[in-house]
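A.B. asks: Submitted below is the structure of interest, expressed as structure tokens.
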Amino acid sequence: MQITIIGAGIIGLTSAYYLIKEGHEVTIIEKNEGTDNCSFGNAGYISPSHFIPLASPGIVAQGLKWMLSSSSPFYIKPRLDTSLVRWGLKFYTKANENTVAQNAPHLNNILQLSRNLMIDLDLELNHGFQLETKGCLMLYKTEKTGHHEAELAHEALKYGMEATVLSQAEVQAMESEVKVDVLGGVYFPIDCHLHPVRMMETMKAKILEMGATILYGHEVKDFEFENKKASQVITDKGVVKTEHIVVAVGSWLEIISRKLGIDLLLQPGKGYSITYGKRTNNLSFPSILVDDRVAMTPLGSELRVGGTMELCGINHEINMNRVKPIVQAANSYYPDINLEMPTFKKVWSGLRPCSPDGLPYIGNSPHHENVTVAGGHAMIGISLAAGTGLLVKQLVQQEKTEIPLHAFRLER
Ligand SMILES: Cc1cc2nc3c(=O)[nH]c(=O)nc-3n(C[C@H](O)[C@H](O)[C@H](O)COP(=O)(O)OP(=O)(O)OC[C@H]3O[C@@H](n4cnc5c(N)ncnc54)[C@H](O)[C@@H]3O)c2cc1C
């Protein structure tokens, strides 16, 4: 088939990879130059440890508390936007124990599937993602958080995931080059991390070598339909005829889906990262500074530090007031890494595509026979990339899918 994928983020690229492998002819349409999107500046974690969806008990109360502080890791820009209101209401109704109990097993299925495929893909592509399977540390400074993290570790065991609760001294013993100032931590050996830029460059090179066409600087505006099929993709530079469409547009998913008659809820969740180059001392393990919602990733001699979640629409503006606490938290947990406050130009921002229940949307359109959608991966789009790509291929070919997809259906 001639398949058109919209969006050259990691979800578009992995979908292309699995589809071309089956002999399909793939064209990717990307509105930008393919050198930056949410898939480039993220923390690079492959995290089976994130099996609890974002919408979970306690998160609403915590979010409201954070909203009152200009330096907190969470912010919603107040605005009259029906889409945001609908999203907020759905998030509120989903943030409970029953929904988490229902959704966590499905999230675990796709996280495990994807972790294994991501490792295979990295090996197949000559270790081009620089993927490391050494695990991740969840670090905390308060007893309350320690208690919560220990409960999560216990929950992880139910899914067969090893998770070790560590004392301050045990955390320090794992870090030879830097001091660690924490109350304790939990170690998830199953987690991995990779270099997001290397991953994107490697995937792009691979699919081009396999025969993909990528139309950069083409923005998809609309579609033409014939009977129950989408027959043409209309871009600002012309029309592309197609036999099947895969929509993988990250934070633009709600807008593009609407043009296809699909009503799904999605909000961009802005985050920042700063990459510090050529360090003399670096972390041995990636870590999440849980009390401050900051992610730290050693990438060779570089160190990437990221955080914040701002629901402020499609908007890449950088607010240095919210960058400062990220750097402060890093220096507080690792007192001798001495990270400088970056200049404005050194801060990257990206938009996480957030669904209100914390699960991605992966499914065929209920309205058109030849449209597949993959998006809404929020904070775990890298973790779920390879699994999603494989599932997209199976949906396009109408095969039995590797895992049940009902929980990820589009209109829910
Ligand atoms: C600070 C931060 C840290 C993160 N850390 C992690 C992590 O450690 N692990 C993890 O798993 N995830 C992480 N994430 C989340 C992860 O980065 C995202 O889930 C993932 O990159 C989403 O990929 P995507 O392909 O869906 O979207 P994107 O990468 O945003 O790609 C979508 C593409 O679609 C294109 N597009 C949109 N509309 C159109 C149109 N009309 N026409 C043509 N093209 C269009 C866009 O230009 C874009 O290039 C993090 C995110 C942030 C912000």
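Values in this text are rule-based calculations from the coordinates and carry no lab data. Since we're looking at a predicted model, the values are computed, not measured. Because the Cβ atoms are built from the backbone with ideal geometry, glycine has one as well, and the counts that use them run over all protein chains shown.
A.B. asks: Would you check which residues across segment 298-322 are under 15 Å from the mean Cα position of the chain (by Cα) and closer than 10 Å to ALA43 by Cα and list them?
C.D. replies: Answer for segment 298-322, where residues must be under 15 Å from the mean Cα position of the chain (by Cα) and closer than 10 Å to ALA43 by Cα: GLY306, GLY307.
A.B. asks: So which residues in segment 217-258 are in a loop (DSSP other than H, G, I, E, B) and within 9 Å of the ligand (Cβ to nearest atom), if there are any at all?
C.D. replies: At the first step, the residues of segment 217-258 found to be in a loop (DSSP other than H, G, I, E, B) are 217-219, 227-228, 236-237, 242-243, 248-249.
If the condition is that a residue be in a loop (DSSP other than H, G, I, E, B) and within 9 Å of the ligand (Cβ to nearest atom), then HIS218, GLU219, ASP236, ALA248, VAL249 are the ones that fit.
A.B. asks: So which residues in segment 312-359 are part of a strand (DSSP E or B), in contact with a helix residue (DSSP H, G or I) (Cβ under 7 Å, 6 or more places away or on another chain) and closer than 22 Å to HIS50 by Cβ?
C.D. replies: At the first step, the residues of segment 312-359 found to be part of a strand (DSSP E or B) are 347-354.
So of that shortlist, the ones also in contact with a helix residue (DSSP H, G or I) (Cβ under 7 Å, 6 or more places away or on another chain) come out as 347, 351-354.
Correct list: LEU351, ARG352, PRO353, CYS354.
A.B. asks: Residue by residue through segment 344-371, note down the ones that are farther than 30 Å from TYR276 by Cα, touching a strand residue (DSSP E or B) at 6+ places or on another chain (Cβ under 9 Å) and of a type in the set (D, E, K, R).
C.D. replies: Passing the criteria: only GLU369.
A.B. asks: Write out, first by first residue and then by second, each pair whose Cβ atoms fall under 9 Å of each other, whose residues are 6+ apart or on separate chains, and whose first residue, in segment 30-48, is touching a residue at least 24 places away in the same chain (Cβ under 8 Å) and assigned to a loop (DSSP other than H, G, I, E, B) while the second is among the acidic types (Asp, Glu) and surrounded by fewer than 19 Cβ atoms within 10 Å (Cβ to Cβ).
C.D. replies: Close Cβ pairs (under 9 Å, with a partner that is among the acidic types (Asp, Glu) and surrounded by fewer than 19 Cβ atoms within 10 Å (Cβ to Cβ)) amount to GLU30/GLU219; LYS31/GLU219; LYS31/ASP236; ASN32/GLU219.
A.B. asks: Anything in segment 360-380 that is assigned to a loop (DSSP other than H, G, I, E, B) and within 16 Å of the ligand (Cβ to nearest atom)? List them, or say none. Working first, answer last.
C.D. replies: Our first condition is that a residue be assigned to a loop (DSSP other than H, G, I, E, B); within segment 360-380, this holds for 360, 365-370, 376.
Passing the criteria: PRO360, GLY376.
A.B. asks: If you don't mind, another one. Kindly indicate which of LEU166, LEU152 is under 26 Å from the mean Cα position of the chain (by Cα), surrounded by 13 or more Cβ atoms within 10 Å (Cβ to Cβ) and not charged (D, E, K, R).
C.D. replies: Working: LEU166 fails: under 26 Å from the mean Cα position of the chain (by Cα).
Going through LEU166, LEU152 in turn, the sole match is LEU152.
A.B. asks: Could you tell me which residue of segment 38-76 is surrounded by the most Cβ atoms within 10 Å (Cβ to Cβ), considering only residues that are under 20 Å from PHE408 (Cα atoms) and of a type in the set (A, V, I, L, M, F, W, C)?
C.D. replies: Here the answer is ILE46.
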